[in-house]
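Enquirer: Structure incoming, see below.
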Amino acid sequence: MPRLGVLGWPVAHSLSPAMHNAAFASLDMPGWQYQRLPVPPELFSETTRALPDSGFLGANVTIPHKHAALAVADGASDAARSIGAANTLTFAADGAIAAENTDAPGLLAALEGSPRGLRVLVLGAGGSARAAAWALREAGAAEVSVWNRNPERALALASDLGVRAVSDPEPADLLVNCTPVGLEGPAGANGGADASSSQAEQEAGAGERLSQLGLTFERVGEYPYVADMVYRAQGPTPLLKAAAEHGARTLDGLEILLAQGAVSFELWTGRPAPLQAMRAAVRAGPNRSD
C-alpha cells in the first residue's frame, strides 16, 4: 500500500491528508494513503530516514522542519538548495531521500497574475518566507523586502537570498504573510475562543494579531494586494479581513496550500492533480494552517 504523509510538530491541524486522500479517491487510486506524522524536532532525522522501510513513497514537511528536511536529504533540487528549505521529500527504492520545495511554485501559481515589477513585502523568516522571497525574486519582482520580529533572522534571510531586510513593514504592492500569526482567529470568530465574545473583544483580538505582524488596521490599507500563507476553512484571517475592508485584493492560504499540494501530488504519482476534488476537501475542513 503506497503511503505518504506530512511531517510536523504539531501537525494535527494539517488539511493535507484531507486534500490528498480526496485526490486519491477522485482518481480511483485504491490503497494510496496520506496521513499526519507528528514528529518532534529531535526525532525528525531518525524518523524520516525510517519512513521508506514502512512503505512511504514521500512526505510533505511543515513547521518547524523545513530546514531540517533539506539537511536530511541525500539530494535536493536547485530550487530547494537556493531557498535553503524543503517542504517535499521523495523516497527512492533504496531509501535515498530527494528534497524539493513546492511552496515556491505553489505561491506563484496561486497568485492572480505575475509579480513582475511589483514591490513585495514578505513577513516572516522561516522556511515558507524563504520560499516566498526566492520565488518572487526569481519571478521578476522589482523589490523584495523581508520583515521579522527578530531582526537578525530577517537579516540572515536577506543576506542568503539577496533581498532587503527592513526594520519596519514598508508600503508595497504585494504583502505576503509567511508567519503562523492568524492561525487562531480573533476571539469569538469562526470557532475561536468564545462565540459569545463581544464585538469589542473580537476587534481587540484582531488588533493584537495585526500588531504581531508589525501592522495596524490602518497600515494594512497600504497594501493593495495581500496574501496569507495561514489558512482557515471558515472565514478570513484577521489580516485578510482587514485587507478586504480596505478594498484590497486578497489571497487566502487554502489556495496556496492547494497549489503546492498539487505540485507535490504530481511529483509523487506522475498524474495530474484533480484540483476540483482537492479544493472541495480543503474548503470543507475546519480552521487550519500548514
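Enquirer: If we keep just the residues of segment 45-73 that are assigned to a helix (DSSP H, G or I) and among the β-branched types (Val, Ile, Thr), which is surrounded by the most Cβ atoms within 10 Å (Cβ to Cβ)?
Expert: To start, the set of residues in segment 45-73 that are assigned to a helix (DSSP H, G or I) comprises 45-50, 52-54, 66-72.
Next, only the ones that are among the β-branched types (Val, Ile, Thr) stay: 47-48, 72.
Numbers: 47: 18, 48: 23, 72: 19.
Going through the qualifying residues, I end up with 48.
Enquirer: Looking at 189, 195, which one is surrounded by 15 or more Cβ atoms within 10 Å (Cβ to Cβ), over 24 Å from residue 84 (Cβ atoms) and at pLDDT below 95? Walk me through how you get there before you give the answer.
Expert: Details: 195 fails: surrounded by 15 or more Cβ atoms within 10 Å (Cβ to Cβ).
The conditions single out 189.
Enquirer: Looking at 81, 36, 49, which is the one that is charged (D, E, K, R), touching a strand residue (DSSP E or B) at 6+ places or on another chain (Cβ under 8 Å) and over 21 Å from residue 282 (Cβ atoms)? Lay out the reasoning, then the answer.
Expert: On the way: 81 fails: touching a strand residue (DSSP E or B) at 6+ places or on another chain (Cβ under 8 Å); 36 fails: over 21 Å from residue 282 (Cβ atoms).
Sole residue among the options that is charged (D, E, K, R), touching a strand residue (DSSP E or B) at 6+ places or on another chain (Cβ under 8 Å) and over 21 Å from residue 282 (Cβ atoms): 49.
Enquirer: Next up: Mind checking which pairs have a first residue in segment 139-162 that is closer than 20 Å to residue 113 by Cα and in the same structural domain as residue 110 (by TED's automatic domain parsing) and a second that is part of a strand (DSSP E or B) and of a type in the set (D, E, K, R), Cβ under 8 Å, 6 or more apart or different chains?
Expert: These pairs meet every condition: 141/119; 142/119; 143/119; 143/164; 144/164; 145/119; 145/164.
Enquirer: Can you run down the residue pairs with Cβ atoms below 7 Å, 6 or more apart or on separate chains, where the first is in segment 19-33 and over 24 Å from residue 253 (Cα atoms) and the partner is assigned to a helix (DSSP H, G or I)?
Expert: From residues that are over 24 Å from residue 253 (Cα atoms), the pairs are 32/24.
Enquirer: Filter segment 101-151 down to the residues that are among the charged types (D, E, K, R) and buried (at least 24 other Cβ atoms within 10 Å of the Cβ), then identify the one that is farthest from residue 262 (Cα to Cα).
Expert: Applying the first criterion (among the charged types (D, E, K, R)) to segment 101-151 yields 103, 112, 116, 119, 130, 137-138, 143, 149.
Pick out the ones that are also buried (at least 24 other Cβ atoms within 10 Å of the Cβ) and you get 103, 130.
Details: 103: 11, 130: 20 Å.
Result: 130.
Enquirer: State which residue is surrounded by the most Cβ atoms within 10 Å (Cβ to Cβ) when the search covers only segment 239-290 and only residues that are in a helix (DSSP H, G or I) and acidic (Asp, Glu).
Expert: Of segment 239-290, the ones in a helix (DSSP H, G or I) are 239-245, 253-269, 275-283.
Filter once more, keeping what is acidic (Asp, Glu): 245, 255, 266.
Details: 245: 12, 255: 20, 266: 14.
Restricting to residues being in a helix (DSSP H, G or I) and acidic (Asp, Glu), the top hit is 255.
The values are calculated or read from the model by the stated rules, or taken from the named source; none is laboratory data. What you are looking at is a predicted structure, and each value in this text was computed from that prediction instead of being measured. Positions of Cβ are backbone-derived with ideal geometry, glycine not excepted, and every protein chain shown enters the neighbour counts.
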